[in-house]
Each structure stands twice: as C-alpha cells, then as structure tokens.
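Just below is one structure, and these are the notes that go with it.
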Amino acid sequence: MLADSITPGTLKSEDEHRREICTAGRWIHGRAFVASTDGNISVRLDARRVLTSPTGISKGLMSPDDLVITDLKGRKLAGRREASSELAMHLLIYARRPDVHAVCHAHPPIATAHAAAGLALNKALLSELVISLGCIPVARYGTPGTPELSEALEPLVQDYDAILLANHGVVTCGGDLLTAFFRMETVEHFAQVSLASELLGKQVLLSGGDVEKLLGARARYGATTAAKVSPDCPVTSDSLASAACGPERISVTREELEALIEEAVRKDRALR
Ligand SMILES: [Zn+2]
C-alpha cells in the first residue's frame with residue numbers, strides 16, 4: 001500500500017484502519033473541508049467496535065495511536081484520548097445502516113454554505129451526481145454534540161448516503177472509508193458546480209426521463225448508494241414544470257400589502 005493512500009474494502013487489520021483514518025484526516029484537512037480541529041471520521045471495526053478520530057486535534061495531524069475505540073453505545077474501550085464529540089451521529093448511522101462501515105463528517109465551505117442557507121443540493125443538474133448520490137437533503141438544525149443532532153438526522157439516514165446538517169456541515173457514509181471520503185468530495189464538488197451555475201443565472205435540469213435512464217444505469221456504474229428517489233429527489237425539469245402549474249403565486253410590496261389590509265378594515269368598519 002502507498003504511504004498516503006486508502007484502499008477499497010474493509011478486510012484490513014486494525015493498524016491499517018488506523019493509518020487510513022489518519023490519511024483521510026489529512027485529505028479532508030488538506031482540501032480545506034475542515035478548519036482547526038473540526039470534523040471527525042470513523043470506521044466500524046467489527047460487530048461491536050468502532051474506531052474513531054479523537055476530539056480536540058486537527059484531523060490533518062493525527063497519528064494512529066491518537067485514535068479511540070468505542071463500543072456501539074460510545075463507551076470507550078481503548079485509547080489515551082477522548083472520542084469525537086460527534087460520535088453519537090456516527091453511531092446512529094451504524095445502528096440504522098448495517099451496510100455502512102465508515103462515516104465522515106466535515107464542513108466543506110460551499111456545501112456548508114448551502115446547509116447554512118437551508119438549501120438542499122437536490123437539483124438534477126449533473127448526470128454523475130444522479131447516479132452516485134441522487135440528491136443531498138438538509139437535516140434540520142440540531143446543537144452539535146447533543147442528541148438533538150442525531151434526532152434531526154434520524155429521518156434521513158436510512159435513505160441517503162450524504163446529508164447536509166443545517167447551519168453546520170456535511171455527513172457522508174459508505175461501505176468503506178474510501179467511499180465515505182469520496183462522497184464528501186463529491187458533495188463539495190457538486191455544491192461548487194451548483195453555485196457556479198446559479199451565478200451564471202441559468203440552470204437546465206435533466207428531465208424525469210433522463211433521470212430514469214441514469215438510475216437504470218446505476219448498477220452498470222457500480223453505484224452502491226442507498227439514495228431514495230422521489231418526485232422531488234432529485235428535482236427534474238418535469239417536476240419544476242408541474243410545480244409551475246400549481247397554485248398561482250403573486251408577490252406584493254409591504255406598502256401594497258398594508259394598503260390592502262387598510263382597505264379591508266375600512267370596508268369592514270363601514271358595514272358595521
Ligand atoms: Zn461539525
């Protein structure tokens with residue numbers, strides 16, 4: 001294995017998992033997906049143990065013996081440091097998703113900006129994104145490091161492999177560490193493309209038929225995503241067109257609204 005690489009799969013020794021989590025830490029820090037000591041990464045070691053990054057250290061500066069082993073309830077089994085403060089979020093995902101063996105949490109800037117704006121990355125803008133993740137929803141806000149965050153994630157973890165955390169960041173998961181890391185990279189890249197196309201002032205979405213064909217090709221591309229597909233995930237040109245046929249929307253200024261209310265009140269008084 002190359003010194004600074006992560007290989008696919010999960011059949012590895014504990015030492016290899018430790019080295020690879022440190023490599024993933026350097027990658028998320030080196031790509032500015034986190035600042036300071038932010039972010040956390042974990043791997044499911046076996047049916048009862050999780051290996052996680054520790055709290056309070058830059059993810060770019062971890063060494064293998066900084067990592068912590070806990071059970072699936074978060075009780076420390078080994079390690080001189082303390083486990084990540086966001087471990088509960090990882091444990092929720094492991095509990096609900098037997099197919100998941102690695103979780104990555106980071107704050108990549110453009111994806112996190114979408115999370116701060118409450119905007120899901122759910123438009124059918126890129127064919128590869130439809131294949132790999134489908135769409136990326138936003139979980140409602142929950143205070144980091146508290147059960148609120150897990151409660152906010154709970155309705156989504158079963159159906160999505162990448163989730164924006166409102167006013168916070170991103171969590172991704174996968175069948176192995178490389179997949180979880182790649183999904184983090186994909187989320188930030190898609191967020192950048194999405195923002196750039198927004199700035200260009202024009203987004204041409206794929207149609208429902210295009211999306212159907214891409215979903216049919218998932219197996220051919222080896223895509224393993226759990227992503228649910230629904231009429232608004234991802235949003236297609238067809239779903240936008242049918243939304244446009246919905247109830248008519250109008251906009252009024254504050255002055256116009258006040259004038260309308262005043263007039264209604266005046267008419268009401270005149271009738272009494
Ligand atoms: Zn965070």
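Miscellaneous remarks
- Ranking of Tyr94, Tyr141, Tyr221, Tyr160 by count of other Cβ atoms within 10 Å, fewest first: Tyr221, Tyr141, Tyr94, Tyr160
- Extending 7 Å from the Cα toward the beta-carbon at both Thr146 and Ala47 defines two label points whose distance is 3.7 nm.
- Counting every other Cβ atom within 10 Å of each residue's Cβ, Val43, Val235 order from fewest to most as Val235, Val43.
- Between Lys73 and Gln192, the FRET efficiency from the beta-carbon distance, with R0 = 35 Å, is close to 0.40.
- Cβ crowding within 10 Å, taken as a proxy for footprinting-reagent exposure, orders Cys233, Cys104 from fewest neighbours to most as Cys233, Cys104.
- Antiparallel beta bridges, as assigned by DSSP with both residues in the chain, represent about 90 percent of the total such bridges.
- Contour excess over end-to-end distance, with Cα ends at Leu257 and Ser5 and 0.36 nm allotted per residue: 84.7 nm
- Other-chain or far-sequence residues with amide H under 5 Å of Leu165's (modelled H): Ala139, Val170, Val171
- Think of the range 1-95 as having a plus end and a minus end, set by charges on the Cβ of Lys, Arg, Asp and Glu; of Leu67, Ser85, Trp27, Ser85 sits farthest toward the positive end of this dipole.
- P(r) of the range 14-239 over all Cα-Cα pairs, binned every 5 Å from zero, in whole percent: 1, 7, 16, 19, 20, 16, 10, 6, 3, 1, 0
- Whole-Hz couplings from phi, Karplus 6.51/-1.76/1.60, listed for the range 16-23; x for Gly and Pro: 5, 4, 4, 4, 5, 5, 5, 5
Just so you know, all these numbers are worked out from the coordinates, no wet-lab data involved. For clarity, every value in this text was computed on a predicted model and none was experimentally measured. Neighbour counts run over all protein chains shown; Cβ positions are idealised from the backbone, glycine included.
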